[in-house]
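The values are calculated or read from the model by the stated rules, or taken from the named source; none is laboratory data. Because the structure is predicted, anything quoted here is derived from the model rather than measured. Every residue, glycine among them, receives a Cβ derived from its backbone with ideal geometry; neighbour counts consider all protein chains shown.
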Amino acid sequence: MNRWTRSLLAGTALVATAALAQNFVREAPKDVKPAIIAVSATPPIITVNGTSDRLSPGARVHDRNNMLVLSGALAGKSLYTVYRRDGAGLVHEVWLLNADEYAKLGGTEAGDPKGYLRFAELLNLIWGTRAAVLGK
């Protein structure tokens, strides 16, 4: 009987831990910009909306599940993204989007002060929807 009690407690703890892990919600940073980033065959060389640029040393690329992706795995691909630069002006953090998410974000204009607010709202809407779809 004692063996079964320990097994039951261990199983319950495992299920509770898994349930807590699902409450992770990916938050959208407020200072990101949408772009199509094309990674060259030799990263860290990239193009951001057709302009040559570089990934910073230690650049972080987040996929749709917020897992880190190595830049070498993206070599030769063009990706819908939002990104943030570091203090030196290099691209430091990148979040990958799908085509629908990027299309929703593409309507904001950089000159419109309300455009950035709308952009932030759309990012929160997109990542909030992902959380709902993933079982939140």
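For the subset of the range 29-44 comprising residues that are over 26 Å from Asn124 (Cβ atoms), in contact with a Leu (Cβ under 8 Å, 6 or more places away or on another chain) and of a type in the set (A, V, I, L, M), which member is surrounded by the fewest Cβ atoms within 10 Å (Cβ to Cβ)? Before the answer, list the steps.
So in the range 29-44, the residues over 26 Å from Asn124 (Cβ atoms) come out as 38-44.
Cutting the leftovers down to in contact with a Leu (Cβ under 8 Å, 6 or more places away or on another chain) gives us 38-39, 43-44.
Filter once more, so that each one left must be of a type in the set (A, V, I, L, M): 38-39.
Working: Ala38: 17, Val39: 22.
Per the criteria, the residue is Ala38.
Quick check: anything in the range 42-49 of a type in the set (S, T, N, Q), modelled with pLDDT of 70 or more and under 16 Å from the mean Cα position of the chain (by Cα)?
No, the conditions are met nowhere in the range 42-49.
Can you tell me which of (1) modelled with pLDDT of 60 or more; (2) out of contact with any strand residue (DSSP E or B) (no Cβ under 6 Å at 6 or more places or on another chain); (3) within 14 Å of Asn65 (Cα to Cα) is the one Leu97 doesn't meet?
(2)
Which residues, taken from the range 66-87, are in contact (Cβ under 8 Å) with a residue 40 or more places away in the chain and either of a type in the set (Lys, Arg) or surrounded by fewer than 16 Cβ atoms within 10 Å (Cβ to Cβ) (or both)?
Asn66, Ser78, Arg84
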